[in-house]
Amino acid sequence: MTLIDGRAISQAILDTVSADVAALRDAGTTPTLAIVVPTDDEATAWYVRSIVRTATKVGVEARQIDRHGITADELVAELASLSSDPGVHGIICQTPLPKGVTLDQVGQHIAPAKDVDGANPESLGRLAAGLPAFAPATAQAVVEILQRERTPLSGVDLVVVGRSNVVGKPAALLLLAENATVTVCHSRTRDLAAHTRRADVLVAAVGRAHMLGADHVKPGAVVIDVGTNPTEDGGLVGDVDTAAVEPVAGSITPVPGGVGPVTTALLLRNVVTAARG
Ligand SMILES: Nc1nc(=O)c2c([nH]1)NC[C@@H]1CN(c3ccc(C(=O)N[C@@H](CCC(=O)O)C(=O)O)cc3)C=[N+]21
């Protein structure tokens with residue numbers, strides 16, 4: 001069993017991003033990411049700090065816009081204003097959103113050219129149609145890890161557990177584009193284990209701590225654990241019970257140290273892509 005090193009993959013991506021940022025800066029453009037923070041949620045605050053820290057390291061300017069408890073109308077106005085600001089290349093609006101506000105509602109006000117976390121439904125539609133678009137960074141991270149681990153994808157049985165617009169659905173679309181035979185399972189799926197046990201590649205994106213155990217995994221399978229579920233003692237666990245699955249799987253991404261760091265690196269890579277225009 002191999003533990004996949006997400007931090008090393010993240011660093012490799014960031015090395016390329018750093019060089020690309022330096023070239024853009026030499027040409028007179030400072031890649032700039034606007035981070036709209038509509039919540040004072042602690043996990044979100046951690047993620048925002050981590051984006052700002054990593055952005056600073058690679059030379060991307062991170063503009064943090066704290067708007068705790070913002071209304072839907074105000075958020076729409078903020079996103080529209082950033083969309084037309086020529087000094088801003090990428091926009092991410094952190095979730096969770098204030099009560100009564102949904103990402104579907106506000107995401108459409110992020111210009112697709114700046115939609116570096118794939119929040120605009122138009123970006124998801126373009127992805128489905130095979131047109132150039134930004135996918136949510138977490139969904140991209142799943143594919144990037146599999147490619148860097150040289151996991152064959154063409155024709156393989158691949159199961160995604162979870163169908164959210166931010167992870168499961170876009171990950172399934174990206175993996176379909178890699179010619180995997182993709183099955184999407186979800187909360188209404190009958191006999192989940194019967195599906196997941198057939199998977200050469202298993203992607204867990206449900207958001208429930210340790211939901212998948214040894215019984216769900218095919219011997220030798222590659223397991224990508226997207227879950228970042230906070231524990232009572234302030235730690236973080238995945239959707240997969242890693243200790244239980246270790247003797248069965250061929251390789252697995254740990255939590256922490258797996259998909260999370262790669263997500264942040266790809267968000268910044270997307271900002272560079274957006275800044276190139
Ligand atoms: N619009 C939007 N897009 C997001 O992608 C998004 C969001 N909102 N809201 C919050 C969640 C959370 N999230 C994480 C990303 C990286 C780590 C990460 O890198 N975690 C480290 C360790 C953290 C620790 O040890 O506490 C790791 O997994 O190794 C965690 C969580 C992205 N989110």
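What is region 167-277 by shape, rounded, prolate or oblate, if you read a ≥ b ≥ c off the alpha carbon gyration tensor as root eigenvalues and call it rounded for a/c under 1.5, prolate for a/b larger than b/c, and oblate otherwise?
Working: a/c = 1.92, a/b = 1.30, b/c = 1.47.
Oblate, since a/c reaches 1.5 and b/c is not below a/b.
Starting from the Cα gyration tensor of region 11-59, take the square roots of the eigenvalues, sort them a ≥ b ≥ c, and report rounded, prolate or oblate (rounded when a/c is under 1.5, otherwise prolate if a/b is larger than b/c, else oblate). Intermediate values should be presented prior to the final figure.
Values: a/c = 4.28, a/b = 1.92, b/c = 2.23.
It is oblate, given that a/c is not under 1.5 and a/b is not larger than b/c.
Roughly how many Å is it from the Cα centre of region 83-145 to that of region 191-225, as a whole number?
Between the Cα centres of region 83-145 and region 191-225 lies a distance of 27 Å.
So what's the angle, to the nearest 10 degrees on a 0 to 90 scale, between helix 168-177 and the longest Cα principal axis of the chain?
The helix 168-177 is inclined about 80 degrees to the chain.
In debye to the nearest 20, how big a dipole does the chain give about its Cα centre with +1 on each Lys and Arg Cβ and -1 on each Asp and Glu Cβ?
Working: 22 positive and 30 negative charges, 97 e Å.
It works out to roughly 460 debye.
Can you tell me how much longer the chain between Arg67 and Ala22 gets when fully stretched, taken as 0.36 nm per residue apart minus their C-alpha distance, in nm with one decimal?
Values: separation 45, 0.36 × 45 = 16.20 nm, distance 3.09 nm.
Fully extending the segment from Arg67 to Ala22 adds 13.1 nm.
Would you please classify the overall shape of region 27-111 from the alpha carbon gyration tensor, given that a ≥ b ≥ c denote the square roots of the eigenvalues, rounded means a/c under 1.5, and beyond that prolate means a/b larger than b/c while oblate covers the rest?
Oblate is the answer for region 27-111, as a/c is 1.5 or above yet b/c matches or exceeds a/b.
Compute the acute angle (0 to 90°) between the alpha-carbon long axis of helix 137-148 and the principal axis of greatest extent of the alpha-carbon atoms of the chain; round to the nearest 10°.
It is inclined by approximately 50 degrees.
Report, in debye and to the nearest 20, how large the dipole of region 27-111 comes out about its Cα centre when Lys and Arg carry +1 and Asp and Glu carry -1 on their Cβ.
Details: 6 positive and 10 negative charges, 69 e Å.
Its charge dipole is roughly 340 debye.
So how much slack lies between Asp40 and Thr231, counting 0.36 nm per residue of separation and subtracting their Cα-Cα distance, in nm? Provide the component values of the computation, followed by the final result.
Numbers: separation 191, 0.36 × 191 = 68.76 nm, distance 1.85 nm.
Result for the pair: 66.9 nm of gain on full extension.
Sequence neighbours fewer than 8 away in the same chain don't count; with that in mind, list the aspartates and glutamates whose C-alpha is under 17 Å from Lys218.
Leaving aside aspartates and glutamates fewer than 8 places away in the same chain, those within reach of Lys218 are Asp157, Asp191, Asp200, Asp239, Asp241, Glu246.
Which of the aspartates and glutamates could be linked to Lys114 by a straight reach, that is with a Cα gap under 17 Å, when you skip same-chain ones fewer than 8 residues away?
Glu61, Glu78, Asp85, Asp104, Glu122
We did not get these values from a lab; they are worked out from the coordinates using the rules stated. Quantities reported herein were computed from a predicted structural model and do not represent experimental measurements. Using ideal geometry, Cβ is built from the backbone for each residue, glycine included, and neighbour counts are taken over all protein chains shown.
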